[in-house]
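Data first, discussion second: the structure below is written as structure tokens.
Laboratory data are not the source of any read-out in this text; all were calculated from the coordinates shown. Please read these numbers as outputs of a predicted model, since none were measured by experiment. Note that each Cβ is placed from the backbone with ideal geometry, even for glycine, and that neighbours are counted across all protein chains shown.
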Amino acid sequence: MDIKVSNPARARGGSVRERVTNALRADIITGVFVPGQRLSEADLCSHLAASRTPVREALRQLEAERLVEVRPNRGPIVVKLGWEEAERIYDVRELIEPEVVRLFALAATGEQLEQMDQALQDFERASSGGLNPAQLILATTTFYEVMFQGCSNDILADILRGLLARVNLLRSRSMSRPGRPTESLKEMRAILASIREGDVPGAQQAAIAHIRNARAQARAAMPAPSAP
């Protein structure tokens with residue numbers, strides 16, 4: 001089974017709309033466009049080498065993903081993801097992901113486990129010899145998408161997919177912390193190892209540990225609140 005994920009890099013395949021949306025999403029997640037920055041359609045057309053129609057479609061899609069918001073008299077801007085919202089996202093992940101891991105571990109195929117292992121190899125390559133944030137996010141997304149597709153509960157998977165863009169924004173922040181990519185790789189390998197061994201509770205605990213460590217690193221990477 002081929003796993004399809006939204007590529008945060010500038011994909012060459014797909015429709016113009018998909019390419020523009022993926023590129024703009026990647027630019028937001030990796031900090032090319034910073035929180036609170038206004039997104040001028042004209043500037044985006046030049047930056048993305050695209051016409052206004054796909055740019056507008058991309059902005060609507062990213063507004064639905066809550067990476068972009070439209071403000072009166074200002075137009076579209078990059079959202080500011082504060083810690084209160086980020087913490088709620090981590091709370092939801094900690095509630096749901098262990099169950100997804102449990103369901104997946106009970107039914108995982110050898111092919112699926114190999115796909116997860118390949119994603120972790122891609123992650124390791126992206127984290128060595130010069131950090132590649134977009135590729136780190138893609139590899140992590142692929143790792144989780146295998147579980148989402150194999151967990152046999154579309155509702156749980158869809159809830160987590162609905163958070164994906166904001167989760168990846170948080171991942172980008174946490175991965176910017178010194179040493180975090182190495183630790184994240186170890187944590188995801190622990191999840192996979194427990195699944196391979198048939199240790200379902202161990203896999204769930206490894207998933208919880210991974211989320212909690214990511215939460216702590218994302219919190220540390222958050223900018224300090226502005227003085228009143």
* **Rg in Å to one decimal, and Dmax rounded to a whole Å, for region 16-78 via C-alpha atoms** => 10.3, 28
* Taking the Cβ of Glu57 as the centre, find all other residues whose Cβ is under 14 Å away and add up their charges (Lys, Arg: +1; Asp, Glu: -1). => +2
* To do: Give the relative contact order (percent, whole number) for region 16-78; include only Cα pairs under 8 Å separated by 6+ residues.
  => 43 percent
* Would you please report the Å³ per residue occupied by the convex hull of the alpha carbon atoms in region 83-221? => 87 Å³
* Asked: Mind checking which of Ala193, Ala126, Ala216 has the largest fluctuation in a GNM of the chain, springs on alpha carbons under 10 Å?
  -> Ala216
* Structure fact -> Percent relative contact order for the chain, counting Cα pairs under 8 Å at least six residues apart, stands at 23 percent
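Report the longest stretch of the chain that contains none of the trypsin sites (Lys or Arg not before Pro) sitting in a DSSP loop with at most 16 other Cβ atoms within 10 Å.
Values: sites that count: Lys4, Arg10, Arg12, Arg66, Arg74, Lys80.
Segment 81-228 is the longest.
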* Based on alpha-carbon positions alone, could you give the equivalent ellipsoid semi-axes of region 157-218 from the gyration tensor, as √(5λ), descending, whole Å? => 21, 16, 8
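His210: net charge of surrounding residues, Cβ under 13 Å, Lys/Arg +1, Asp/Glu -1, itself excluded?
+3
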